[in-house]
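The values are calculated or read from the model by the stated rules, or taken from the named source; none is laboratory data. Computed from a predicted structure; not experimentally measured. Cβ placement follows ideal geometry from the backbone for every residue including glycine, while neighbour counts extend to all protein chains displayed.
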Amino acid sequence: MELEGQYDAKKIEDKIYKLWEDSGFFNPDKLPITYNLKPKTFTILMPPANANGNLHAGHALVITIEDIMTRYKRMQGFKTLWLPGLDHAGFETQVVYEKKLEKEGKSRFKMAPEELYKEILQFTLENKKNIEGQIKKLGASCDWSREKFTLDEDIVKTVYETFEKLKKDDLVYRGRKIINWCVKHQTSLSDLETLDVEQTDKLYYLKYGPFVITTARPETKFGDKYVVMHPKDKRYAKYQDGQKISLEWINGPIEATVIKNEAIDMEFGTGVMTITPWHDAVDFGIAEKHKLDKEQVIDFYGKLLPIAGEFAGMKIAEARAKIIERLQSKGLVEKVEENYKHVVKTCYKCNSLIEPQIKEQWFLKMKPLAVPAIKAIESGKIKFIPAHYKKIILHWLKNILDWPLSRQIVWGIPIPASAEATAGKPGEIETFDTWFSSGQWPFATLRTTGKDDFKTFYPTDVMETAGEIIFFWVARMIMLGIYATGKIPFKTVYLHGLVLDAKGQKMSKSKGNVINPLEITDKYGTDALRMGLIMGNTPGQSLALDENKIKGYRNFANKMWNASKFVLMNTTDYKPAKTVKLSATQKKYIKELTALKKEITKLMDEFKFYYAAEKIYHYFWHTFCDKIIEEAKPALAQGSGESRQATQYMLLEILTESLKILHPFMPFITEEIWHHFDSQRSLGAGKKSLLMVELWNTIA
């Protein structure tokens, strides 16, 4: 069957995807019989995209890499499952929806929780449907019959079961501890959800009785009634632990208590400090050790409380200068350092300064969960690509802190014990940190598909995701997976880098440099985008995505189309023979292709997809098109029947194997070409088949 005109991705991509879906071959249970005879399975779980907007270039990279793995393993005869899913994405989605409300002149704080939840659910489900369509546009050969959503009833049930098991094993506890509080979003955040940002402020040297203390936050000092120094600091040897000292302070005379503690840095400032246990993690630790009182100075909206006297009700930014004026009027400011550089914590979504607060929360003890995870990683049960991520994750696991699970947001999975814990506190809502539910993704999904999937496909083979969420997600999946199942959740972790713009800058809406993958596929075709995302993209490294580069791969698709058209036009009369007499050169070309396929197979098994893609790209363009086809033209035009048939055989052999190798990378165009020349292949005998389930190792 002849290929017509130029290659037009728009005309064939939807048609081809429907063909794949209708075949049922995305489902490992419906693969051809030759596959089911092979006992080996291959499983990937799609990192569930946040159902709160469109896919971006990073998602396109995820889909491309995982689809390459899936198609390759399926063609190798593995019973291959790529399970798709989407994430309700708790805090992330609520932040997106709050921005939508702000544009409409509304506020979530003026809405009933039930009303807000209902609106966000509708918003999420609409986005979910949209994203599913976008994933299909990118060619994902995942099993939609097994698709899961983090708010599916059976997933939520699994999350609750894990929580109850953790409680029973005394790994979950309710405690009043210092937490990271976002004043704007009115919720607690884990340490991973905060950013450490260097900031320049004034550093104030204040007279505190016989001492001089330093602070960048004078607004917290109303509650300071403990003065702390290192027990080995000779400068303060005459002061005894527990000694009382009367002094003049911001709003009048107070009595302070001397505390000796090893946590004090003798080299910083004057080596002595006052502590604000309610609003500083280090101070909280000192207060806990010495059983000291803790007094709240700033409320959860970032305003000073009545303890601040006439400053009560003021926001921090407004109060700071006024407090210093008061201290100066009392002669209590010794000096001010103007350019004090220090690191502060900010909310990773809105960049607001984090206000540490003491709040009753649910916490998960992490060290008991980290120990078996460390053991599994150190023993090599889980492989990391690139390898240096092994050290990174082990360092974090060995220094892990307890995880605050509570979020004071409406959107998400409610913490089941919260009704009892927050009795008498109307309006207090607690949902799980979204990473608690997504951290259970591997076993939660495979236990709830309604099939025997957990037994068949767990542990999964590869977890492919972004290096930047190795702590948020990967580490937690390993810990919770081992805890809940006794087995590792995956054998290999493949971590990709960021997708940057053509100049190597991080994409952001404010810069106007965001590349929409669907706009690119509309212009150049999905296969061109996929090649642009994989070529030169080594694991763990950021990729600069240039539209001109993608345009170049569109040209490659045209080259493939035209070369295939030429072969088809010149093999319409080909009749397979039992024996074909090849010339020495033709034998050499087929032998070279066999060697190339063997090399590419090795690269694919080593997860070097970027290198495999480069090899087949250059072979097809520069060896097959520029050399072999050009050399074949005289024999096709003038050669004898035997010579012509040998040339036809060689061209069909090379095209057959080239299309197989290219298929995981460029699935749409290769499938379309395959359908046109299927009956003319040397193996063909008129039998129609799908390239996606052609066996990789079959030699035509």
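Residues checked against (1) closer than 18 Å to Ile155 by Cα; (2) at pLDDT 95 or above; (3) not assigned by TED's automatic domain parsing to the domain that holds Thr124:
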{"residue": "Val371", "(1), (2), (3)": "no, yes, yes"}
{"residue": "Ile374", "(1), (2), (3)": "no, yes, yes"}
{"residue": "Lys381", "(1), (2), (3)": "no, yes, yes"}
{"residue": "Lys398", "(1), (2), (3)": "no, yes, no"}
{"residue": "Asp402", "(1), (2), (3)": "no, no, no"}
{"residue": "Gly427", "(1), (2), (3)": "no, no, no"}
{"residue": "Thr445", "(1), (2), (3)": "yes, yes, no"}
{"residue": "Phe454", "(1), (2), (3)": "yes, yes, no"}
{"residue": "Val474", "(1), (2), (3)": "no, yes, no"}
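Residue pairs whose Cβ atoms lie under 9 Å apart, sitting 6 or more positions apart in sequence or on different chains, and linking a residue in the range 1-21 that is not assigned by TED's automatic domain parsing to the domain that holds Phe556 to a partner that is in a helix (DSSP H, G or I) and exposed (fewer than 12 other Cβ atoms within 10 Å of the Cβ), are Glu2/Met569; Leu3/Met569. Criterion applied to Ile324, Ile286, Ile316, Ile259 was being in contact with a Phe, Trp or Tyr (Cβ under 9 Å, 6 or more places away or on another chain) and over 17 Å from Val227 (Cβ atoms), and the one residue passing it is Ile324. In the set Lys294, Lys322, Lys349, only one residue is basic (Lys, Arg) and in contact with a strand residue (DSSP E or B) (Cβ under 7 Å, 6 or more places away or on another chain); that residue is Lys294. Applying the criterion of being closer than 18 Å to Ala281 by Cβ and touching a Leu at 6+ places or on another chain (Cβ under 9 Å) to the residues of the range 224-260, the residue that is surrounded by the fewest Cβ atoms within 10 Å (Cβ to Cβ) is Tyr226. Inspect the range 360-367 for any residue being in a strand (DSSP E or B), touching a residue at least 40 places away in the same chain (Cβ under 8 Å) and surrounded by fewer than 18 Cβ atoms within 10 Å (Cβ to Cβ) and give the result as yes or no. The answer is yes; a qualifying residue exists. Within the range 512-519, at least one residue is within 30 Å of Gly53 (Cα to Cα), free of Cβ contacts under 8 Å to residues at least 12 places away in the same chain and among the charged types (D, E, K, R).
Might you check whether a residue that is farther than 28 Å from Phe457 by Cβ and touching a strand residue (DSSP E or B) at 6+ places or on another chain (Cβ under 9 Å) occurs anywhere in the range 96-112? Checked the range 96-112: at least one residue is farther than 28 Å from Phe457 by Cβ and touching a strand residue (DSSP E or B) at 6+ places or on another chain (Cβ under 9 Å).
The residues of the range 261-277 that are surrounded by fewer than 21 Cβ atoms within 10 Å (Cβ to Cβ) and either at negative phi or touching a strand residue (DSSP E or B) at 6+ places or on another chain (Cβ under 6 Å) (or both), listed by number, are Asn261, Glu262, Ala263, Asp265, Met266, Glu267, Phe268, Gly269, Thr270. Among the residues of the range 25-40, those that are at pLDDT below 95 and of a type in the set (S, T, N, Q) comprise Thr34, Asn36. Screening the range 581-652 for helices (runs of 4 or more DSSP H) wholly inside it with 2 or more residues that are hydroxyl-bearing (Ser, Thr, Tyr) returns the ranges 584-605, 609-618. Can you find even one residue in the range 36-50 that is of a type in the set (Phe, Trp, Tyr), more than 23 Å from Gly532 (Cα to Cα), buried (at least 21 other Cβ atoms within 10 Å of the Cβ) and not assigned by TED's automatic domain parsing to the domain that holds Thr571? Yes, the conditions are met somewhere in the range 36-50.
Within the range 653-665, the set of residues being of a type in the set (A, V, I, L, M) and either under 20 Å from Ala584 (Cβ atoms) or not in a helix (DSSP H, G or I) (or both) comprises just one member, Ile654.
Residues of the range 109-141 that are part of a loop (DSSP other than H, G, I, E, B) and either of a type in the set (D, E, K, R) or farther than 21 Å from Pro517 by Cβ (or both): Met111, Ala112.
In the range 342-356, how many are in a loop (DSSP other than H, G, I, E, B) and over 24 Å from the mean Cα position of the chain (by Cα)? Here the count works out to 2.
Residues in the range 132-153: is at least one touching a residue at least 40 places away in the same chain (Cβ under 8 Å) and over 30 Å from Glu13 (Cα atoms)? The answer is yes; a qualifying residue exists. Residues of the range 22-63 that are of a type outside the set (D, E, K, R), in contact (Cβ under 8 Å) with a residue 24 or more places away in the chain, part of a helix (DSSP H, G or I) and out of contact with any Ser or Thr (no Cβ under 6 Å at 6 or more places or on another chain): Ser23, Thr34, Tyr35, Asn36, Ala57, Gly58, His59, Ala60, Leu61, Val62, Ile63. Would you call Ala577 surrounded by fewer than 16 Cβ atoms within 10 Å (Cβ to Cβ), free of Cβ contacts under 8 Å to residues at least 24 places away in the same chain and among the aliphatic types (A, V, I, L, M)? It is false that Ala577 is surrounded by fewer than 16 Cβ atoms within 10 Å (Cβ to Cβ), free of Cβ contacts under 8 Å to residues at least 24 places away in the same chain and among the aliphatic types (A, V, I, L, M).
Evaluated against (1) farther than 29 Å from Thr521 by Cα; (2) within 24 Å of the chain's Cα centre (by Cα), Lys106 falls short on exactly one condition, (2).
Among residues of the range 567-579 being assigned to a loop (DSSP other than H, G, I, E, B) and under 17 Å from Glu631 (Cβ atoms), the one that is modelled with the lowest pLDDT is Thr571.
When the helices (runs of 4 or more DSSP H) confined to the range 455-536 are screened for residues that are out of contact with any strand residue (DSSP E or B) (no Cβ under 8 Å at 6 or more places or on another chain), under 29 Å from Lys10 (Cα atoms) and of a type in the set (A, V, I, L, M), those reaching at least 2 such residues are found at 517-524, 526-534. Determine, yes or no, whether Gly467 is assigned by TED's automatic domain parsing to the domain that holds Trp441 and either buried (at least 24 other Cβ atoms within 10 Å of the Cβ) or within 23 Å of Pro368 (Cα to Cα) (or both). The answer is no for Gly467. Screening the candidates Phe163, Phe149 for the property of being closer than 21 Å to Phe432 by Cα, buried (at least 20 other Cβ atoms within 10 Å of the Cβ) and among the aromatic types (Phe, Trp, Tyr) yields one hit, Phe163. Filtered by the rule that a residue be closer than 19 Å to Tyr204 by Cα, among the hydrophobic types (A, V, I, L, M, F, W, C) and touching a helix residue (DSSP H, G or I) at 6+ places or on another chain (Cβ under 7 Å), the range 266-296 gives Val272, Ile275.
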